[in-house]
Every structure is written in structure tokens, then in C-alpha cells.
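The values are calculated or read from the model by the stated rules, or taken from the named source; none is laboratory data. Everything numeric here is computed off the predicted structure, so don't read it as measured data. Backbone-built Cβ (ideal geometry, glycine too); neighbour counts: all protein chains shown.
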Amino acid sequence: MSHFLSRDRVAVGTAVMLPLAVAAILLPFRVDWSNTNVALVLVVAVVAVAAIGNRVAGALAAVSAFAWFDFFFTLPYYRFTIRSSADVTTAVLLLLVGLVVSQLAVRARRLQVITITDARYLAQIHETAALTQSARTPDAVAARVREQLIEVLDLQECRFEYGTLLGHPPRLEPDGTVMASHRSWDVEQSGLPAEEIELRVFGNGQFYGRFMLRPKPESRPSLQARLVAVTLADQAGRAFGTSQAARRGG
């Protein structure tokens, strides 16, 4: 959580300073460069901010670029006033294009992150499914799922309890919601509960045990991550059910 907050602060600071720095670099070429070319370079600076930050940072960068373009490159210089109608048009277009392009850049970055995340989650599920088919004991599957849950849900630790349902800890449900004190817990807003959370394991309709999840402080796994966790637990349950069926058949 603190990592993302730090990154957002850096992005907001960059949104204010980068367009100013670019404008200062271009200032000696004010006579030789057209304002249209200056505006295009400033748009590139806005896109650079959006690529590392969020929508707010991108919008702030666009406003900053507009302001410094006005201050340094339109008559009268060093005042936030524009006399030329052509410069007004260029400045407005700089602002509008900067806003649109910055938002598109943020969206493209998020889609890339989602694609990478989806691929990683799919690999986790595929690995566990293959292990379920090849492992000699379901304990090996449970041990591997425990490691995967720590990674997927950003946990401090995770352990597996066989066949016990003691107490009433918060519970991760099959639909990805977290229930605590008989109500749905807002993970996105509040993070995971600080206490241990149970993730029950069933195979062929029979209860075999539960993973006890201890999250890191302020851990906020996405709904997608929580659903992957449930799927991994289901794979462990399938391994237990298959093993029991094999023993009965033997």
C-alpha cells in the first residue's frame, strides 16, 4: 500500500515539475521554434507523466503544460495572458490533447498490468492443476497452494489445518467476498482484516480442512486475486478428494 502511495506522490510532483523543466529547456529556442512544435513537445512530457502515474497526475501535467506554455511562449511573455488568437487556439488544443492523451496512456498502462497479472494467475492455476494430477499425496498440493496463496494475497504467512472449524474467524467465500462478523468486509476500502482469515477446502462435497491466512498490514488483494485464491484452494480440495477415492477403490 505504501509503495503505491509513494509512487502516486512522485507522479504528482513530476506532473508539476516536468512540464516546467521542459519549458525551461525549450526557452532558449523560443525564437526559432514555432509554438505548435513547443506544444507537441509538452504533450510528450504529459504522456511521460501519465505513463508512471495515475489519471490525476496526467490531468495535472496537462494543466501544468498549458500554464507554462502560456507563461513562457505566448505574448506578453512571463504573464498568464494570451493576446494572439492563434496562441489561444494552440494553448487550448495543448490542454485538451494533453488531457485526452494522458488518460489514454494511463488506461494503456493499466491494461498492460492486468494482462501481465492475468497471465501470472493463470500460470499459478495451471501449475497447481498439473501438480494435482502428478503429486503422490494431497499434502504436497496443499503445501504448494499455501506458498501460492502467500504470493497471490500478499500474506505474512499461511498454514493449513486439517478437518477443524474452531472459532469464527473471517472467511474468504467462493465468490471472493470476505465475511467478518456476519457481514461483508470491504477489502478495497479497508484492506483485509488484521486477524487470520479462513479459506475452506472441500473435495467431492467433503470438508478436508482450511487454509488460515494472515495478511500483511493494509493488504488489499483485488477481487481477481481473491477468486484465484479460491480456485487454488479448490485444486487442493480436488487432490484430497481424488486421494480418498483412490484409497477406497484400493
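May I ask you to list the residues in the range 24-36 that are part of a helix (DSSP H, G or I) and over 16 Å from ALA67 (Cα atoms)? Before you say what the answer is, go through the steps one by one.
To start, the set of residues in the range 24-36 that are part of a helix (DSSP H, G or I) comprises 24-29, 35-36.
PRO28, PHE29 - these are the residues of the range 24-36 that are part of a helix (DSSP H, G or I) and over 16 Å from ALA67 (Cα atoms).
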Might you check whether a residue that is out of contact with any strand residue (DSSP E or B) (no Cβ under 9 Å at 6 or more places or on another chain) and of a type in the set (S, T, N, Q) occurs anywhere in the range 184-203? yes
Taking the range 46-86 on its own, how many of its residues are more than 16 Å from LEU27 (Cβ to Cβ) and part of a helix (DSSP H, G or I)? 19
Is it the case, given these coordinates, that GLN124 is among the polar types (S, T, N, Q) and either under 21 Å from ARG214 (Cα atoms) or modelled with pLDDT of 85 or more (or both)? yes
Within the range 153-176, work out how many residues are of a type in the set (Val, Ile, Thr) and at pLDDT 90 or above. 0
Where residues in the range 130-152 are modelled with pLDDT under 90, hydrophobic (A, V, I, L, M, F, W, C) and crowded, with 16+ Cβ neighbours inside 10 Å, which of them is nearest to GLU198 (Cα to Cα)? VAL152
Filter the range 121-179 down to the residues that are under 28 Å from the mean Cα position of the chain (by Cα), among the small types (Gly, Ala, Ser), closer than 22 Å to PHE207 by Cβ and assigned to a helix (DSSP H, G or I) and list them by number. ALA129, ALA142, ALA143
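Can you say whether PHE207 is at pLDDT 90 or above, in contact with a strand residue (DSSP E or B) (Cβ under 6 Å, 6 or more places away or on another chain) and within 20 Å of GLN244 (Cβ to Cβ), as far as the supplied structure shows?
no
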On the given criteria, is GLU198 exposed (fewer than 13 other Cβ atoms within 10 Å of the Cβ), in contact (Cβ under 8 Å) with a residue 12 or more places away in the chain and not hydrophobic (A, V, I, L, M, F, W, C)? no
